[in-house]
Each structure stands twice: as structure tokens, then as C-alpha cells.
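Colleague: Supplied in C-alpha cells, the structure appears directly below.
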Amino acid sequence: MMPPPGMFKPQRSFTRAIFTTLAGLILTGSIMLNFYLLLAVSLSSGLSGGQGVIRTVITEGDDSQQIAVVPIKGMIGQPTAEKFDAILTTIEKDPTIKGLVIEIETPGGGVTPSDQMYARVMRLRAQKPNFPVVITMGQLATSGGYYVACAGTHLIAQPTTMTGNIGVLMPRFNVAKLADKYGIEEATITAPHQGFKNAGSMFAPVDAKDTQYLQTLIDEMYGNFKTVVITGRGAKLTSKIEEIADGRVFTATQAKTLGLVDDIGYAEKAYAHAAKAAGLTNPTFVRYSPRAPSFFDAFSAESKSNMKVDGAGGVTINGINVTLDAGLLEELGRPRALYLWRGQ
């Protein structure tokens, strides 16, 4: 005999319900963009930066007069910095390379890898005096992308480039009210018991003391960003750094007026400037790329991903299914500083 309808209700897994709800919240609105970044960094963490370099000749000329062209595309994560370091190491060892053009197409990314890439370019310049490093910007050279660009000797934005976005972002997602709905209470124990070890927990109510503490961390990173801009642009800036470094994104014409870039034009203009600055008459332009396909190429700033979330917390991105597990959700819930523009 069948029980009357409604007598028994299917038992849902409590954990599955929690994570499915969290996934639904995370993958909406601006939070989806943070998932996009953290997922990319998590899945690509095993990729090595030293997997070899591909040389592609762009324009043939005198092989003893070469200009290297290095692209930076997609989100900036630790693998991006490692690959970039490997390529610049190859360039340093080649005496026929007389200059460098860096093609930037990125909204930015992690604070540390952005700084590492900037420092790597500065080290190259220190080892090769009078070595031109020309920056050509694509659609996006924002936040961490502009941070790296400040290491260049000459910056050129395309007419439609968006750049700037000088500032630091620390996404925080708080689900304390959701946890309370399911009868979950933050009971983490820390030592010291009234310290900041658990500051920023997504399951605890927002604490003004914790927020102030986290603010001091990103304020210092913001100060580093301003220092990099001042060092790179110097007297070319037409306004005080506090007026420019307020998180705004600038068009190419605005950036040039403010002194954030030197010129407006396409990649060919950057190539020509690099050759002239290096004193070359018939250079060969060679693009250097990582040998292994980057995760960031598949999920670049220009990709048009089709994301779908299923009932089990899985995500389908361009036909590839990714399951949201507890570890990934933990990554999403952990405050981290970013040099990233979330506007696109």
C-alpha cells in the first residue's frame, strides 16, 4: 500500500543543499566574475612556467637585429608570472635581441603575480641598459595589467583601449544570514582568542574591527601600486596621483591627457618605436609564447563563455563540466587582494 501523498518528503543532503545554495549565490552578478578568476587560478596552479618557448616570426629582417614581442593575455595568476619569467629569461640570453614589445590584453588579476611580472621587466632593463621596452595595449590594460605596463619605457594605447583602474580589490562574500537560516553557527576557535586569525570568515557576521584590519592590508598594496605608477610615469603625470589612482578606468585619450600613456596607436606603432629606440634599421620581429597552451587563453578576457549551473552545484563552461566542491568554495570564501577590474 502506498503512503498518502505528502506523508514522506525526500531527504535532501544537508551538505549538498548548502553548497548548491552557495554556488547559486556565487555564480550571480558580479560574484560570477570573482568565481571566474579564482577558478582559473585554482585549476591552473599545476601548470609550470618553464615548459618551453615558441618563437614565431612576425616580420622578417636582419636576424642580428631582433625585437622580441611578448603577449600578456587573460587573467594574471601565478602561472602567468612563471611563464612570463621563463620567456624573459630566454630573451636575456639572446644577444641578438635588442628590444622588447609587450602586448597587454588583461583586466589584471593577482597582486603578487602582477608585482612579480613588473619586477621581472625592471630586472631585464637593469641588466640591459638602453634596452627599449615598449608597451602596446589592446582592449584592456587595467589594474594589474597597467601595473605591469608601468615597467615599460614607452606606453602606447590603442584608440579603444581602457586602462588605469589603479587600486586594490578584496572580494568578500558573507553568508552568515544564510548559515543562520540552516542553523549553522560560526564556532571557529583561534589563538589569541580575540585576535584576527579568523578575520573575514564568510560564515561569521561582518565585524567592523576585522574590516578595518583587512583595509590596512590592501591600503599598503594600494600604496605599492601608486609608487609603481609614480616611478614609471614620473613627471609625465599631469595630476596628483591621488586624483588619478581612484579606481577609475580611463579611455586612451583620457589616459594620454593624464600622462598614464605616451601615445595612441596600434601594435605596428609600438613595433616601429621599439626599432627606432634600439637604433635598428631592418629588425626581425619575433613573438615569444609559452609552448604549453595556457588555461588563461581558453578563458581569456575576450572569451564568450556559456556558463550553466546544474542542481548538484556543477558548472558547465563552454561544454566543460566543473564540479564545485568544498575546497573550491573555501577558496571563494577566502578574502584575497586583487589588482583586477571587474567592469567587463
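Colleague: For segment 208-268, just say rounded, prolate or oblate: build the C-alpha gyration tensor, square-root its eigenvalues into a ≥ b ≥ c, call rounded for a/c under 1.5, and beyond that prolate if a/b exceeds b/c, oblate if not.
Modeller: Details: a/c = 2.77, a/b = 2.38, b/c = 1.16.
Prolate, since a/c reaches 1.5 and a/b exceeds b/c.
Colleague: For a quick check: with amide H placed at 1.01 Å from N, whose amide H comes under 5 Å from Val69's, ignoring anything fewer than 5 positions away on the same chain?
Modeller: Val101, Val286, Arg287, Tyr288
Here, each number is a calculation from the coordinates, and none is a lab measurement. All of these numbers come straight from a predicted model, not from anything done at the bench.
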